[in-house]
1. Determine whether Asp215 is of a type in the set (D, E, K, R) and surrounded by fewer than 21 Cβ atoms within 10 Å (Cβ to Cβ).
2. Out of all the residues in region 137-164, which are under 25 Å from Phe192 (Cα atoms) and in contact with a Pro (Cβ under 8 Å, 6 or more places away or on another chain)?
3. Does region 130-139 include one or more residues that are under 18 Å from Tyr19 (Cβ atoms) and buried (at least 20 other Cβ atoms within 10 Å of the Cβ)?
4. If you take the residues in region 239-250 that are of a type outside the set (A, V, I, L, M, F, W, C) and touching a Pro at 6+ places or on another chain (Cβ under 8 Å), which one is nearest to the ligand (Cβ to nearest atom)?
5. Tally the residues that are in a loop (DSSP other than H, G, I, E, B) and within 23 Å of Ala52 (Cα to Cα), restricting the search to region 78-99.
6. Mind counting the residues in region 100-128 that are touching a Ser or Thr at 6+ places or on another chain (Cβ under 7 Å) and in a loop (DSSP other than H, G, I, E, B)?
7. List the number of the failed condition for Asn165; all other conditions in (1) of a type outside the set (D, E, K, R); (2) crowded, with 24+ Cβ neighbours inside 10 Å; (3) in contact with a His (Cβ under 6 Å, 6 or more places away or on another chain) hold.
8. Would you say Leu46 is at pLDDT 95 or above and on the phi > 0 side of the Ramachandran plot?
Amino acid sequence: MTIPGDADQRRAIAPVVCYPPDTLTPPDLDLYKSARSTAQKISETLIPPRQARTFRANAGQFFRISSIDGPQVGDLNLHNAHDLNERFYSGKTRALHGTHITTGQHMWSTIPYLRPMATIIEDTLNWYGIDEFGGSVHDVIGTRCDPYTHMALNHDHYHHCCHSNLTRALAAETGLAPKDAELLVHDVLNVFMCTGFTRDTGQYFMKASPVRPGDYIEFLAEIDLLGNLSACPGGDCSATHSSDTAKCHPLLVEVFEPVPDVLKNRSEPPLNGYDRTHGL
Ligand SMILES: [Zn+2]
């Protein structure tokens, strides 16, 4: 390997942010929080350990994901309730907001829809920040634990990875065959998971989640949503996943309906305005 003479100068060039979000309209968090303060709970869904369950939250409703019995991370999928092809786009959410998301940031949908699906209005782990290892909470850098990677690495069948849990739950909700449902399962928001990249090798790492019972993350549904949440077999993801080894706990999803008209000035994000001609 030949190292060029100006290697240090090239490395010393300052980075620029790829997608400065300054031109995005910021969410009206004061309005959302005010609406949430008088909203009424209309449903709840318990996610058993090593399982997933679906839930629905309509545009303008709120949904909260809570840690209840013990530290537990969750893998969250979102679909447009009326078009399952419009689903959460982890990669572009990461590009727009960063590796981990928190209050005031959106979960964006896939191309060609590319619009906010949900907005985080409260996050009790917001205090965590970025730790000395480069770790933070609620990542959009992981994918979801899945039986194919597990097979490649361990030559073993395991059926309670988040990918399989989400597949079973989506199949049960939609009536789709599991092999069709799994094609709609997508990279997740890793709720409560503490992750980063190692500084020396750039490898994806996890560490014990700082979440404790009572912690929650809460969202405004920007469009009608079908949610799907898996209580990861990794538990708090302090040691292992993709097995029955880790201690696991349930998660709770609650949906809240605001009082009539309190959000009447909120407008649903339109489909992305690009004309889709691609220059042809
Ligand atoms: Zn998982």
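The values are calculated or read from the model by the stated rules, or taken from the named source; none is laboratory data. Predicted, not measured: the structure shown is a model, and the values here were computed from it. Neighbour counts run over all protein chains shown; Cβ positions are idealised from the backbone, glycine included.
1. On the way: of a type in the set (D, E, K, R): yes; surrounded by fewer than 21 Cβ atoms within 10 Å (Cβ to Cβ): yes.
Yes; evaluated as a whole, the condition is true for this residue.
2. Val137, Cys145, Tyr158, His159, His160, Cys161, Cys162, His163, Ser164 - these are the residues of region 137-164 that are under 25 Å from Phe192 (Cα atoms) and in contact with a Pro (Cβ under 8 Å, 6 or more places away or on another chain).
3. Looking through region 130-139, at least one residue is under 18 Å from Tyr19 (Cβ atoms) and buried (at least 20 other Cβ atoms within 10 Å of the Cβ).
4. Taking region 239-250 and keeping what is of a type outside the set (A, V, I, L, M, F, W, C), we get 240-245, 247, 249-250.
Pick out the ones that are also touching a Pro at 6+ places or on another chain (Cβ under 8 Å) and you get 241-244, 249-250.
Working: His241: 5, Ser242: 7, Ser243: 11, Asp244: 13, His249: 13, Pro250: 14 Å.
This residue is His241.
5. Step one: filter region 78-99 for residues in a loop (DSSP other than H, G, I, E, B), giving 81-82, 89, 98-99.
Of the ones still in play, those that are also within 23 Å of Ala52 (Cα to Cα) are 81-82, 89.
Counting residues in region 78-99 that are in a loop (DSSP other than H, G, I, E, B) and within 23 Å of Ala52 (Cα to Cα) gives 3.
6. If we filter region 100-128 for residues that are touching a Ser or Thr at 6+ places or on another chain (Cβ under 7 Å), which is where we start, we get 100-101, 106-108, 115, 117, 120-123, 126, 128.
Now restrict to residues that are in a loop (DSSP other than H, G, I, E, B): 101, 115.
So the count comes out to 2.
7. (3)
8. Numbers: at pLDDT 95 or above: yes; on the phi > 0 side of the Ramachandran plot: no.
Judged against the criteria, Leu46 is not a match.
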